[in-house]
Structures are given as C-alpha cells and as structure tokens.
Amino acid sequence: MLDEIARVGRSAQTGGYRRFAWTAADHVLREWFAARASGLGLEVTEDRVGNQWAWWGDPDADGPGVVTGSHLDSVPDGGAYDGPLGVASSLAAVARLRAEGFEPARPVAVANFVDEEGARFGVACAGSRVLTGAMSAEHALGLRDADGVSAAEALRAAGRDPAAVGRDDETLARVATFVELHVEQGRHLADTPHAVAVGSSIWPHGRWRFDLEGEANHAGTTRLVDRRDPMLDLAALVLAAREVAEATGCVATVGKVAVLPNGVNAIPSSVTGWLDARGPDEDAVRALVPELERRLGVAATTESFTADTRFDPDLAARLAALLGGVPVIGTGAGHDAGVLATHGVPTAMLFVRNPTGVSHSPAEHAEADDCEAGVDALVDVLRELAGPAAARPGAGPGRVS
Ligand code: GLV
Ligand code: MN
Ligand code: MN
C-alpha cells in the first residue's frame, strides 16, 4: 500500500510529496483510500468536513467504536511516511484481523483526516479542528491559499457543498477511542531495541504571521539611507526568533516567506514571514511572540495555537504494557490525535522508529521491518480495544465528553 501511495503527488525535481488539501493529488489519494477500504468490505463515509471514515460494523447501531487512522496530505516536499504510514498500517491491521476471523465486540473504523498539515490554507489539523468545533466553519472556509483561492472555493471545485461544513457531533458520537499510528519524527527510538513506542503528549505549538511593510524601489538607484526595506525586518525576525527560543527552551522556525514583488532588482514592498513555535513549557511558547512583537515593533497575526496536549495516561500505560513494555514518549509534532484528545476522546498514538529522525523532508524513512512491527502492534491494540474484554480503564466505549 505504501508503494501505491508513493506514486501520487511526487515532485520529480525534489523527490518530495506535494499533496495539498482538495488538489488533484489529494483527490487521487482519497479515491485510493475509498477503493482500498471498500475492497476490505468496509463502509466508506465522508463527514461534514471531508474526513473519510471506513467502518467495519455499524457505529450507529452498535457503537461507539474504535477508530484508527491518520492523513494522506503532505507538507511541501514531504516524505513518504508522515500520514501514509498510519493510514496504510490501519488498513493492513484491519485486513489482518478480518483474515484471522476476529469478531470485534464493537465497530472498528479507519479514518483519513483531511488537511492535517495545513500546507495549503495555513491551519494544521483543519479536518479534526472543524470536526470537533475547535475551529469554526466560517473561519475555515474563509482561509485562502497562496493563489487567493478560499477553502470554500476549493471545496466547491472538489464537488463539496461549503454550506454543509461544520462541527459534526453525529460523527464524533461514533468514536469511543481513537488510535493514530505515525512515523516517529525524532530520534527517541533510533538507538533503542524498540521499533514502536506509545505517545504521551504533544508540545504546545502555534503558527503566527508577520506582515512586514516597506516601500518598493530600485535596487541600484535608491540610496541605503533612503530605503524602507522589509527584508531587513524579516532578517531581524528570524534571528530574534532563534535567540528567544534558545533562551526559553523553545524551538522556533521561519520556514515560509512571501515577498512582493519578489524581483531580484527591486527593494520589496512587503515581506510576510510565518513563524512556527513550540516547546515543552506552554507559558514560554505563549510569551515568545509578544517578545518578538516588542523587538520588531510589529503586531503578529495568530493563525493557530494548540495548547499542551496529554493523551489518556491510563490508555497509554495499558497499551505500552500490552506491547511488551515499549517506551512512552512525547512529541513536538502536531497530530489530529491531539485535537481529538483535547476534545475529550480517549486517544492514543503509536510511533514507529525513524532511523534518522528526519521528517517533513524527502529523507524521512522507516525500515520495512519496523513498519511491519507497527502493524503488528496496531493489530494487538485493536484486538484489545475492540475485543470482548474492552470494559477496563482507559478503554472505550466511555467518551469523556
Ligand atoms: C505537523 O506535522 C506539524 O507538527 O506541524
Ligand atoms: Mn506532518
Ligand atoms: Mn502527520
């Protein structure tokens, strides 16, 4: 399945994947997901937001059920595993359980969340945020991509009705427990004997936009003293972000900029820089941007903020023990699992070893044996959570909210 997914949306120039929400590549992968899930005998539905759910059993009659899955979209020039590993492993685990003749005591589903990376419209985990009401439909539909196309227009072009988009309690009521398997995006496991870990928490993180204004003018004829060059403010922002992050135990990244008019021989009229900041201490992350605003004398716009996220500790401990005492680790990467956990859904994550830790890059990797170990772990987890003995602490169907 990973080989099939790997053919879609790959840039010949960089070898990375460009699979942005509601584009042609995304559409091909959504069709692939529906076909693969249907081929397993699952019933594929789409919620009000565009997340896909493939059910084994009827969650309305016999639910709520156990859901596993991830996402198929990517960052610009992303790797082959961030998202696809979770979706493919979920389908593989369900295929194995069905082949074994496992009879779930409650429905089981595989989910493909839409627009997890927020690469096109700017807000990560857009599919789960709107699903849970963490982001309003109005806000989501008004977001625009780099070409000025709104999410509402993109949905319409993809044959969806923007008016139908919104928090979807009917879909959420079907979910007792959610488990997301994901390639590890660090090196916790790289030098250990463990191919798999269980997730404990996600660092608080956010995205901010700095709009830096200047005055366009000729690069050859404008004296340095006469310039209002916003590129200098961007340089100051990048250096200050690094300095403040270092001083406060955070990480901060300016990975995306837009320059107008973007001509080599023109002083820019404006530069926009996007800041991604995260860290273990929520107060430190929250304090970082006001400090940068003070230093630059510019107000930033918050595009998203996600508070400290803790996965259900009883469930994490139970799954770590079930898997033979694997490590329980935190992460600095955001996930739909975090949004669902914050909403009150008992949620767990499984991480699969990444030998270099590199992610959000074509160099992202997981060995085939480790991917298999991930599927084995997910099979055990689904058997445990959807099997007849699931009425123990940390197991569904008891939703918290
Ligand atoms: C998503 O992968 C994120 O952490 O930005
Ligand atoms: Mn990612
Ligand atoms: Mn991901």
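Observations on the structure shown:
- Distance between modelled label sites at Ala247 and Glu100, nm, 7 Å Cα→Cβ extension: 5.5
- Taken per residue, the accessible surface of the chain reaches 42 Å², heavy atoms only and a 1.4 Å probe.
- Charge dipole of the chain about the Cα centre (unit charges at C-beta), most positive-ward option of Pro280, Val149, Val179: Val149
- A simple spin-label model places the labels of Glu282 and Ser136 2.3 nm from each other, with each point 7 Å out along Cα-to-Cβ.
- Taking all protein chains together and rolling a 1.4 Å probe, Glu138 ends up with roughly 150 Å² accessible.
- Annotation: extensible slack from Ser11 through Ser361 equals 124.8 nm (criterion: 0.36 nm per residue apart, minus Cα-Cα distance).
- Sites Leu260 and His27 - FRET efficiency at Förster radius 41 Å, r taken between beta-carbons, to 0.05: 0.85
- 5 angstrom amide H check on Leu181, placed H, neighbours 5+ away: Gly69, Leu350
- Loop-resident GluC sites (Glu not before Pro) (DSSP state other than H, G, I, E or B) in segment 331-391 with no more than 14 further Cβ atoms inside 10 Å of their Cβ: Glu367.
- In the chain, the longest principal axis of the Cα atoms and the axis of helix 230-248 are about 50 degrees apart.
- A compact globular protein would have a Cα radius of gyration near 2.2 N^0.38 Å; the ratio found for segment 205-306 is 1.15.
- Charge dipole (debye, nearest 20) of segment 159-204; +1 at Cβ of Lys and Arg, -1 at Cβ of Asp and Glu: 60
- If the chain linking Asp60 and Glu372 were pulled fully straight, counting 0.36 nm for each residue of separation and taking away their Cα-Cα distance, it would gain 109.1 nm.
- Eigen-decomposition of the gyration tensor built on the alpha-carbon atoms of segment 57-206 gives equivalent ellipsoid semi-axes of 28, 23, 14 angstrom, largest listed first.
- Carbon and sulfur %, accessible surface of segment 205-306 computed with the full protein complex present, 1.4 Å: 53
- Nearest-ten-degree value, helix 84-100 long axis tilted from longest Cα axis of the chain: 10
- The Kirkwood hydrodynamic radius of the chain, based on inverse pair distances between different Cα atoms, is 22.0 Å.
- Considering only Thr331, Thr272, Thr68, the Gaussian network model of the chain with Cα springs below 10 Å gives its largest mean-square fluctuation to Thr272.
- Of Leu260, Thr306, Phe210, farthest towards positive along the dipole that unit charges on Lys, Arg, Asp, Glu beta carbons give segment 205-306: Leu260
- Selected from Ala266, Ala92, Ala134 as most flexible by GNM, with the chain as the system and alpha-carbon contacts under 10 Å: Ala266
- Cut-off 17 Å (backbone N to label point 7 Å along Cα→Cβ of Arg227), residues of segment 244-276: 259-272
- Between the helical axis of 313-322 and the longest alpha-carbon principal axis of the chain there is an angle of about 60 degrees.
- Order of exposure, largest accessible area first, which applies to Tyr17, Tyr81 with probe 1.4 Å: Tyr81, Tyr17
- Taking amide H positions as modeled 1.01 Å from N, with prolines and chain starts lacking one, the residues under 5 Å from Glu303 and 5 or more places away or on another chain are Arg207, Trp208, Arg209.
- Where only DSSP H runs of four or more residues are counted, the chain gives -10000 deg cm²/dmol as its mean residue ellipticity at 222 nm, each run worth -39500 (n - 2.57).
- Full-extension gain in nm, His218 to Leu322, via 0.36 nm per residue minus C-alpha separation: 30.8 nm
The values are calculated or read from the model by the stated rules, or taken from the named source; none is laboratory data. Here the structure is a predicted model, which is why all the values come from computation and not from measurement. Positions of Cβ are generated from backbone atoms using ideal geometry, with glycine treated the same way; all protein chains shown enter the neighbour counts. Accessible surface is based on the protein model in full, side chains and every heavy atom, while ligands, DNA and RNA are left aside. Shrake-Rupley method; radii C 1.70, N 1.55, O 1.52, S 1.80 Å.
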